[in-house]
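*Asks:* Below you'll find the structure I mean.
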Amino acid sequence: MVLGIDVGGSTTKIVGFSANKSIGMLQVEASDPVTSAFGAFGKFSAEYGLKMGDVKKILITGIGSTHLTKGMYDIPTTRVNEFQAIGLGGLHLAGLSKALIVSVGTGTALVKANGTQITHIGGSGVGGGMLLNLSGRFAGVHSFSGITETAKDGDLGAIDLRLCDISREKIGNLPPDTTVSNFGNLKDNATPADFVLGFLNLIYESVGMMSVFATLDSDIKDIVLLGALSATEHAATVFENLAKIHPVRFHIPKEAIFGTAVGAALSGAASCK
């Protein structure tokens, strides 16, 4: 069995694979990456009844993995390039042979994946870090779960300037609620929920259009979203709407939050069956 561990800034995801089949996934939070990684290992072992000897190899990735220079316990531990892990994990979870994999974490990374050929093509600072800090400052909401719950009561009409606000006629194939300017119609009476929904919409639309542009002049038209931010109700709505007006297909796997950890595990699973 191999373990794939994605050590992030605030959360760590861990997955277990045996013969290229998943045996479990979970995530933990901790104040520092080392504590988070070892805590994830301990919790996973307890949850799935693993013994130390059951684990043949640990594959670690993510920005926090740089702190684990001495490995983990006496188990062979290897760092995996994060972009490689994103590409492999995205393809596996979506069941595709080639796709643009978009990991929406603290920031956003775009990876073109075609089989084992993985290429990092760029990214953006727009992502979860921006969301958490803006929501905390302007709405007093400091957790991801609080943000998604608060956004349910939001109204984008109090935040964004939409096509229907400035035009009585349809323009091309754009629907009336197409955003013309994020935060371009901010009302004086906008509520915290309106602000939070506006932040989410800004991130999703920016990431979505960046992904669409990345597929231009390419035979890849499948876009796979990974990361906790991809697994919200509003994310599905935004990406579905974008797919209606652009020649792409968005995929949000059920286990999208664990995509990078899955990719790390798969990079070493073949040699540890």
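*Asks:* Looking at (1) open to solvent by 20 Å² or more (accessible area, probe 1.4 Å); (2) touching a residue at least 24 places away in the same chain (Cβ under 8 Å); (3) among the hydroxyl-bearing types (Ser, Thr, Tyr), which is the one condition that is false for residue 167?
*Replies:* Single failed check for residue 167: (2).
*Asks:* Right, another one. Tally time: how many residues in the stretch 219-259 are open to solvent by less than 10 Å² (accessible area, probe 1.4 Å), modelled with pLDDT of 95 or more and within 10 Å of the chain's Cα centre (by Cα)?
*Replies:* 5
*Asks:* While we're on this one: Kindly evaluate residue 58 against the criterion of being closer than 18 Å to residue 21 by Cβ and among the β-branched types (Val, Ile, Thr).
*Replies:* Considered against the rule, which asks whether it is closer than 18 Å to residue 21 by Cβ and among the β-branched types (Val, Ile, Thr), residue 58 comes out as yes.
*Asks:* Scan the stretch 156-177 residue by residue and report those that are outside any helix (DSSP H, G or I) and in contact with a Pro (Cβ under 9 Å, 6 or more places away or on another chain).
*Replies:* Within the stretch 156-177, 162, 167, 170 meet the criteria.
*Asks:* If the Cβ limit is 9 Å and pairs must be 6+ apart or interchain, which residue in the stretch 1-24 that is under 11 Å from residue 265 (Cα atoms) and open to solvent by 10 Å² or more (accessible area, probe 1.4 Å) pairs with which residue that is β-branched (Val, Ile, Thr) and part of a strand (DSSP E or B)?
*Replies:* Qualifying pairs under 9 Å: 1/23; 6/12; 6/14; 6/15; 6/60; 6/61; 18/2; 22/15.
*Asks:* Here's something else I'd like to know. Which one is surrounded by the most Cβ atoms within 10 Å (Cβ to Cβ) among residues in the stretch 184-206 that are part of a loop (DSSP other than H, G, I, E, B) and out of contact with any Leu (no Cβ under 7 Å at 6 or more places or on another chain)?
*Replies:* 190
*Asks:* Right, next: Within the stretch 208-215, can one find any residue that is without any contact (Cβ under 8 Å) to a residue 24 or more places away in the chain, within 17 Å of residue 110 (Cα to Cα) and open to solvent by 20 Å² or more (accessible area, probe 1.4 Å)?
*Replies:* The answer is yes, given that some residue of the stretch 208-215 is without any contact (Cβ under 8 Å) to a residue 24 or more places away in the chain, within 17 Å of residue 110 (Cα to Cα) and open to solvent by 20 Å² or more (accessible area, probe 1.4 Å).
Let's see how each residue does on (1) among the charged types (D, E, K, R); (2) open to solvent by less than 10 Å² (accessible area, probe 1.4 Å); (3) touching a Pro at 6+ places or on another chain (Cβ under 6 Å):
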site	(1), (2), (3)
42	no, no, no
56	yes, no, no
66	no, no, no
86	no, yes, no
102	no, yes, no
111	no, yes, no
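The values are calculated or read from the model by the stated rules, or taken from the named source; none is laboratory data. This one's a predicted model, so the numbers in the text were calculated from it and none came from an experiment. Cβ: placed from backbone, ideal geometry, glycine included. Neighbour counts: every protein chain shown. Please note that ligands, DNA and RNA were not included when accessible areas were found on the heavy atoms of the full protein model with its side chains. Shrake-Rupley method; radii C 1.70, N 1.55, O 1.52, S 1.80 Å.
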